[in-house]
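Encoded as structure tokens, the structure appears first; notes follow it.
Every number here is computed from the coordinates shown, using simple stated rules; none is lab data. Every value quoted in this text rests on a predicted model; they were computed, and no experiment measured them. Neighbour counts run over all protein chains shown; Cβ positions are idealised from the backbone, glycine included.
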There are 2 protein chains.
Amino acid sequence: MSETENELGTIAIIGGTGHLGAAIARRLAKAGCELVIGSRNADSAEVAAREIGADVRGMANRDAAAAGDLIVVTVPFAAQEATLSDIAPHVAGKVVIDTTVPLVPPRVMRVQLPPEGSAAVRAQALLGAGATVVSGFHNVAAHKLATDEAVDCDVLVFGDDRPARRKAVRLAEHCGLRGIEAGALANSVAAEALTSVLIFVNKTYQVDGAGFRITGKMVDSAPAN
Amino acid sequence: MSETENELGTIAIIGGTGHLGAAIARRLAKAGCELVIGSRNADSAEVAAREIGADVRGMANRDAAAAGDLIVVTVPFAAQEATLSDIAPHVAGKVVIDTTVPLVPPRVMRVQLPPEGSAAVRAQALLGAGATVVSGFHNVAAHKLATDEAVDCDVLVFGDDRPARRKAVRLAEHCGLRGIEAGALANSVAAEALTSVLIFVNKTYQVDGAGFRITGKMVDSAPAN
């Protein structure tokens, strides 16, 4: 494994048997990243892990969180609280990339935000100050990410810690997507709300997985590290 | 004036002496729309109106609201409450397109939403049920809209009334922009929050007025009327 591919360390995909988690894991594995797959059920995680690669391990979410250097949480909003409470003891000092979108079925085309203002801010509250939460991947259609095709969607990354945001940007890039730093964790509400908008657009204009692109010529402002 | 150009009736630009209002007014005038320009100060409105076109009238905001068939509100967040209270008696039965973004200086790169959840929902509350509020134009850089160049940004339109949303889509099209229906008025929070994200992106990546585009092949679902 090259130095570049391993720059993020071991990446734990919490909820890695779901549509989004499995799609991200598959792309990261193809990019040569070192992965562990977590699920509520360790057996399901092992099955999913074997499908992704011979050297990918599957285990219970909390064990995956303990094994990972970088944690990616890909669970439905309804499971966010239980999942984060489960892994909280194992993520102190780590960067946690939360992908949760606060969709409340059946009205998923309508923005319905949690009292904390966003799922990302809620994640930080649930995990405590020991973890460094960033958020991203709210707007990427999982069924498109699950293919080898190019996905016409940017990944907005939110967080109060710049090096942590840069890790999430790199993660997006390993998935073949453009990651864009988008400001404070509180700004995550923009991308989280946009998901309901995209679902509405899909239905209204018969689109198969609408996404979005930030326009304008950008100068990469990545720091030297 | 062609039938098509006049389909929206007389368009009143409330706050039409500001950067966004003047830019929208200028583009609508070029498209042949019938306009009145409103401002807190009637004299300023008359000056601005003469700059836009010989047959464009300028007047106080409340008079412009009374004269307009379709009302476009382009004032800063800090002026939203006073402006809407001023025009409220004159917009019953009319469609009001609110463009307000809840930016709270000096921290404009940080999303700071009003207690109502969005400026659009706040606008509806301020105007009362007699007016039909839709929102849009939150993400277009005014200095780009002020030119004759193509602007690489979509206009997301929010509202609970579909015919009203379609009017806002047509207004965007008259401005040379793609208008996209984006769901309920409550969804406006997505575009309003995105403005702070775009300001952050402008600064972080040295972009001159970042915008966004919805991706994916769309089928126009406009109704026959």
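The simple spin-label model puts a point 7 Å past each Cα toward its Cβ; for residue A:43 and residue A:31 those points are separated by 3.3 nm. Taking label points 7 Å from Cα along the Cα-to-Cβ direction, residue B:54 and residue B:208 give a separation of 3.4 nm. Here B:52, B:24 are placed in order of increasing Cβ neighbour count within 10 Å, fewest first, which gives B:52, B:24.
Which is farthest toward the positive dipole end of the stretch A:10-204 among A:119, A:89, A:28, measuring Cα position about the Cα centre, with Cβ charges +1 (Lys, Arg) and -1 (Asp, Glu)? Among A:119, A:89, A:28, the one farthest towards the positive end of the dipole of the stretch A:10-204 is A:119. Structure remark: mean-square fluctuation, Gaussian network model of chain B, C-alpha springs under 10 Å; the largest value among B:83, B:215, B:74 belongs to B:215. The charge dipole of the stretch B:10-204, taken about the Cα centre with unit charges on the Cβ atoms of Lys, Arg (+1) and Asp, Glu (-1), comes to about 240 debye, rounded to the nearest 20. Taken about its Cα centre, the stretch A:1-73 carries a charge dipole of about 300 debye when Lys and Arg each add +1 at the Cβ and Asp and Glu each add -1 at the Cβ. Long hydrophobic helices in chain B: the complete DSSP H runs spanning 24 Å or more by Cα along their own axis with mean Kyte-Doolittle hydropathy of at least -0.5 are B:188-204. Projected label points at residue B:19 and residue A:108, each 7 Å from Cα along the beta carbon direction, are separated by 3.9 nanometres. Built from the Cα atoms of the stretch A:1-134, the convex hull projects on average onto 8.0 nm², one quarter of its surface area.
For the pair residue A:149 and residue A:218, a Förster radius of 22 Å applied to the C-beta separation gives a FRET efficiency near 0.40, rounded to the nearest 0.05.
Here the protein assembly as shown is assigned +1 on the Cβ of each Lys and Arg and -1 on the Cβ of each Asp and Glu. Its dipole about the Cα centre then comes out at about 200 debye.
Under a no-solvent Debye model with one identical scatterer per Cα of the protein assembly as shown, what's log10 I(q)/I(0) at q = 0.11 Å⁻¹? Here the Debye-derived log intensity ratios amount to -0.82. Here the Gaussian network model covers chain A, with springs between Cα atoms less than 10 Å apart; of A:51, A:81, A:181, A:51 fluctuates the most.
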